[in-house]
Amino acid sequence: MLAAAALLFAGAPPLWAETPNIMVIMADDLGYGDVSCYGATALKTPHIDQLASEGLRFTSGYCSASTCTPTRYSMLTGTYAFRGERTGIAPPNSPAIIKPGTETVASILKRAGYSTGVVGKWHLGLGAEDGPDWNGLLKPGPLEIGFDTCFLLPTTNDRVPQVYVHDHRVPNLDPADPLWVGKKKPSGDHPTGITHRDTLKMDWSHGHNSTIHNGISRIGFYTGGHAARFRDEDLADKWVEKSVEFIEQHKDSPFFLFFSSHDIHVPRIPHERFQGKTSLGFRGDAIVELDWCVGELMKALDRLKLAEDTLIVFCSDNGPVLDDGYKDEAIEKIGRHRAAGPYKGGKYSVYEGGTRTPFITRWKGRIKPGVSDELVCTIDLAGSLAALSKQSLPDDGCLDSFNVLSALLGEADAGGRDHLVQQNNGNNGTYALRSNKWKLHRYDKKTARNVVVEQSLTNSKVPQFQLFNLDDDPAETKNVISDHPAIAVRLKSQLAGIIKDGRSRP
Ligand code: NG6
Ligand code: CA
């Protein structure tokens, strides 16, 4: 015991496996500047701030993509999403994107003896090649890639259907009212956001004009399953309820919980008790709801005396967006709030605002509280948690996941990455490579999403390559590619190599 303690204090990694509970809390569309411990002043996030003050707050913490599906794919598999098939934003009837047999954070930790669960947004597809069998067994899914149990929002809250999935089924489905999900209008008189626009409780601004549920029109069409449908207002409460249940069930043995919040994705419909709590409209109120969830999870750990035995990783799946398809006044009420903090761009872009997000680790008694400038990414959880639990990675899996455990635990003033590839969505040729202070953008298409998060999204022309110096110009305002041709050549070739080699993990 003494020797063990001495080793820990010396900062050397322990020789034995450590199996704290692990809770990854992933927010949806939450930007670098959206929480008070990262500089927001228009609202307060006391619970996320508490995590930061009791743990490590990263200033260079990233998710790997600026949309949801590819970041989640990479977080679980430890492989860049651009290497995978169908890793762009998944449609309502997407089959399972991560195939059974793929090594994931969940399968690694299960092998190490953990009970594993995911609660909340999935958005990685369900079912075999012909898509989800909504009325039958929904497999493969999380349970086929290492999770013991799941309680899910199967797609996104703006994509149909608005039902939960528990393990392999939609709970509360009435066989007399089967659930049908499709791309085309199921009948001529099916009400939509176009035909019944004046009845909507929140109007749409682009897309999102198909089937109406809970007074909100969505992406895609569905009918039936009425007894199984949820109210958007109740999602956060449900995630907390199911998570606390899971934590209580597994309080005596190590657990891995992936708490995957739908907040603050559109349609932003926080519970009535949070509505109107901020000056930022429902976007701000949804941040406060997310913060409440974090508080409830911490409370459960405290109550069960697990705080010193649980590593929490708080992160986001992509950067911020204000108008993402509904008229919820996010733009009108933004005031001086900077959702991406000092960074440019946000969701859909490879500017820093798209992927540099709040990133906090807390393990009471083990992580010394502070701020870390180490470069870490959600894609590194597989490699790092494998190192923590002394599991080896398969040679053909987790191809881009680095072991940054010592950075995550703040054990030394190093241990992070020296480079990271960022991407926007799927496999469409929009990349950035950060290599220490340098950042290269590469656009294989001639246009890219406009990057001003405070305005509506538009496409604009871009040169194929741009280079920025993040030390001098963190907001990526000045393309210095013509001043540094040798650096540009080096980064272009490094990026091309990472793409071509099929892996970047040694
Ligand atoms: C886009 C949707 C957007 C959001 C996004 C996925 C439209 C016009 N836009 O296609 O609202 O759903 O997909 O977001 O439909 S993510 O965070 O899940 O990746
Ligand atoms: Ca997202």
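Figures for the structure shown
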item: Thr41-Thr477 FRET efficiency (beta carbon distance; Förster radius 25 Å; 0.05 resolution); result: 0.60
item: Average accessible surface area per residue within the range 45-125, 1.4 Å rolling probe, Å²; result: 23
item: Two-decimal Rg to Rh for the chain - Kirkwood Rh, Cα set; result: 0.95
item: Around Val462: net Lys/Arg minus Asp/Glu count, Cβ-Cβ under 11 Å; result: +4
item: Options Phe314, Gln455, Leu304, ranked by Cα towards positive dipole end of the chain, top entry (Cβ charges); result: Gln455
item: Contact order normalised by residue count of the chain, Cα under 8 Å, 6+ apart, percent; result: 24
item: Accessible area (Å², per residue) of the range 419-501, counting only protein heavy atoms and a probe of 1.4 Å; result: 50
item: Electrostatic dipole magnitude of the chain [Cβ: Lys, Arg +1; Asp, Glu -1; Cα centre; debye, to 20]; result: 1000
item: Cβ-based net charge around Ile367, under 9 Å, with every Lys or Arg adding one and every Asp or Glu removing one; result: +2
item: 29 Å Cα-Cα threshold exceeded, pairs from Lys44/Lys461; Lys185/Lys446; Lys99/Lys439; Lys437/Lys500; Lys121/Lys333; Lys184/Lys327; result: Lys44/Lys461; Lys185/Lys446; Lys99/Lys439
item: Accessible-area composition of the chain, carbon plus sulfur, in percent [1.4 Å probe]; result: 52
item: Charge context of Ala300, other residues only, Cβ under 12 angstrom, K/R +1, D/E -1; result: 0
item: Inter-label distance, nm, simple model (7 Å from Cα along the C-beta direction), Lys299/Leu15; result: 4.5
item: Among 173-180, 19-26, the order from most to least packed when residues are scored by Cβ within 10 Å on average; result: 19-26, 173-180
item: Protection proxy ranking, peptides 36-45, 482-491, 381-390, average beta carbon neighbours within 10 Å, highest first; result: 381-390, 36-45, 482-491
item: Of the DSSP H helices in the chain, those whose Cα atoms cover at least 30 Å axially and whose Kyte score averages -1.0 or more; result: 282-303
item: Cα→Cβ-extended label distance, 7 Å offset, between Asp130 and Ser456, nm; result: 4.2
item: Unit charges at the beta carbon, dipole of the chain: most positive-side option, Leu467, Gln249, Ala65; result: Leu467
item: Full-stretch length increase - Asp234, His190 - with 0.36 nm per residue and alpha-carbon distance subtracted; result: 13.3 nm
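The values are calculated or read from the model by the stated rules, or taken from the named source; none is laboratory data. It should be emphasised that the depicted structure is a prediction, and the values quoted were computed from it without experimental measurement. Cβ: placed from backbone, ideal geometry, glycine included. Neighbour counts: every protein chain shown. Heavy atoms of the whole protein, side chains included, go into the accessibility calculation; ligands, DNA and RNA do not. Shrake-Rupley method; radii C 1.70, N 1.55, O 1.52, S 1.80 Å.
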